[in-house]
Amino acid sequence: MQWKGIPLFHFENLQREANHLKEENIPVFHVLDTESSHGRYSHKLKEIRFEDLVKFHGHACDGLYRGSYALSVAFDALFPDGTVDRTDLRAVSRNSPCLGDAATYLTGARVRFGTQDVEKTPGVWYIIQRISTGEAVKVTEENGFFPPEISNMEVSLAALSGNLLSQGVDRLKAMQDEWIKSVLLNTKPHEHYQVKKIDYEWKEVQYNNKGVRTDIIFKDVI
């Protein structure tokens, strides 16, 4: 479906705009899932690229990029062979639309299954835990990597209205896009995102309608 007068979004447009884009720095994920609603592990891996994440989340913002960078570093620590098992992960992050969606899509964690939660701690960070082993890591963004001027601009929008608000929204997006293109995409994830192994006891997710994730309960059947 396409709304009348609204053009379709093409990820390639963003790439063309990024004159300094270093594609080799954008994480590519290889994930393992099950093969059906009550099935075994699949015999094939899926490749997830950033444009797939954009289609799930809705836009290519700095938070989505930063989340994918951070998660790639966490996955390197938990899955040295490069295969991310999306049936075996729990995730905690700040309650950000971008960071939360990145975790949901890339880890397979879900609030409704009690495997995803949020905390109010500011910043870009994740706690990712393997359910089968209890092994957990925390990955955090380096302090000062993201410009405080952009963060301050985000906060200031709430006090604006009318034309000033319209101009502020445009200015903020321009600042975010410029930082993505000129700074973030010219770095590799491990340069500004640090990971460490932690002892972590998973806390019950406070959601009354949690259910059982039935598509993974028979994953080990031969």
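Can you tell me which residue within the range 122-163, out of those that are small (Gly, Ala, Ser) and within 24 Å of residue 185 (Cβ to Cβ), is surrounded by the most Cβ atoms within 10 Å (Cβ to Cβ)? Reasoning before the result, please.
Step one: filter the range 122-163 for residues small (Gly, Ala, Ser), giving 123, 132, 134, 136, 144, 151, 156, 158-159, 161-162.
Narrowing further to those that are within 24 Å of residue 185 (Cβ to Cβ): 123, 144, 151.
Details: 123: 14, 144: 8, 151: 12.
Per the stated criteria, the residue is 123.
Within the bounds of the range 157-178, is there any residue that is touching a residue at least 40 places away in the same chain (Cβ under 8 Å) and of a type outside the set (Ser, Thr, Tyr)?
Scanning the range 157-178 turns up at least one residue that is touching a residue at least 40 places away in the same chain (Cβ under 8 Å) and of a type outside the set (Ser, Thr, Tyr).
Sort through 121, 104, 87, 133 and tell me the only one that's assigned to a helix (DSSP H, G or I) and either under 17 Å from the mean Cα position of the chain (by Cα) or within 24 Å of residue 40 (Cβ to Cβ) (or both).
Working: 121 fails: assigned to a helix (DSSP H, G or I); 87 fails: assigned to a helix (DSSP H, G or I); 133 fails: assigned to a helix (DSSP H, G or I).
When all the criteria are applied, what remains is 104.
Out of everything in the range 145-195 that is over 20 Å from the mean Cα position of the chain (by Cα) and in a loop (DSSP other than H, G, I, E, B), what residue ends up being nearest to residue 71 (Cα to Cα)?
If we take residues in the range 145-195 being over 20 Å from the mean Cα position of the chain (by Cα) and in a loop (DSSP other than H, G, I, E, B), then 160 is nearest to residue 71 (Cα to Cα).
Per-residue answers, yes or no, for (1) surrounded by 19 or more Cβ atoms within 10 Å (Cβ to Cβ); (2) touching a His at 6+ places or on another chain (Cβ under 9 Å); (3) under 21 Å from residue 172 (Cα atoms):
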residue: 84; (1), (2), (3): yes, yes, no
residue: 88; (1), (2), (3): yes, no, no
residue: 111; (1), (2), (3): no, no, no
residue: 116; (1), (2), (3): yes, no, no
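Among what's in the range 19-48 and is modelled with pLDDT of 95 or more and basic (Lys, Arg), pick the residue that is farthest from residue 193 (Cα to Cα).
Among those that are modelled with pLDDT of 95 or more and basic (Lys, Arg), it is 40.
Only residues that are touching a strand residue (DSSP E or B) at 6+ places or on another chain (Cβ under 9 Å), of a type in the set (Phe, Trp, Tyr) and crowded, with 16+ Cβ neighbours inside 10 Å: list them for the range 164-214, please.
193, 200
A quick yes/no check of all residues on (1) more than 19 Å from residue 103 (Cβ to Cβ); (2) surrounded by 14 or more Cβ atoms within 10 Å (Cβ to Cβ); (3) among the charged types (D, E, K, R):
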residue: 23; (1), (2), (3): yes, no, yes
residue: 34; (1), (2), (3): yes, yes, no
residue: 37; (1), (2), (3): yes, no, no
residue: 50; (1), (2), (3): no, yes, no
residue: 60; (1), (2), (3): no, yes, no
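Out of all the residues in the range 107-118, which are of a type outside the set (A, V, I, L, M) and over 12 Å from the mean Cα position of the chain (by Cα)? Full working, then the answer.
So in the range 107-118, the residues of a type outside the set (A, V, I, L, M) come out as 107-108, 110, 112-117.
Of everything in the range 107-118, those that are of a type outside the set (A, V, I, L, M) and over 12 Å from the mean Cα position of the chain (by Cα) turn out to be 110, 112, 113, 114, 115, 116, 117.
Suppose we keep only residues that are part of a helix (DSSP H, G or I) and among the charged types (D, E, K, R) within the range 53-84. Which one would you say is nearest to residue 182 (Cα to Cα)?
Keep residues of the range 53-84 that are part of a helix (DSSP H, G or I), which gives 53-57, 62-78.
With the extra rule that they be among the charged types (D, E, K, R), the set shrinks to 55, 62, 66, 76.
Numbers: 55: 23, 62: 12, 66: 14, 76: 25 Å.
Here the residue is 62.
Can you tell me how many residues in the range 41-93 are β-branched (Val, Ile, Thr), in contact with a Lys or Arg (Cβ under 7 Å, 6 or more places away or on another chain) and free of Cβ contacts under 8 Å to residues at least 60 places away in the same chain?
So the first thing to find is which residues in the range 41-93 are β-branched (Val, Ile, Thr), and the list is 48, 54, 73, 83-84, 87, 92.
The next check asks that each one be in contact with a Lys or Arg (Cβ under 7 Å, 6 or more places away or on another chain); those that pass are 87.
Next, from what is left, pick out any that are free of Cβ contacts under 8 Å to residues at least 60 places away in the same chain: none.
Residues meeting the conditions: 0.
I'm trying to understand the selection: among the residues of the range 179-214, which are touching a Lys or Arg at 6+ places or on another chain (Cβ under 8 Å), hydrophobic (A, V, I, L, M, F, W, C) and under 26 Å from residue 61 (Cα atoms)?
184, 185, 195, listed by residue number.
The values are calculated or read from the model by the stated rules, or taken from the named source; none is laboratory data. Predicted model only: the values in this text are computed from it and were never measured. Don't worry about glycine lacking a Cβ; one is built from the backbone with ideal geometry, like all the others, and counts go over all protein chains shown.
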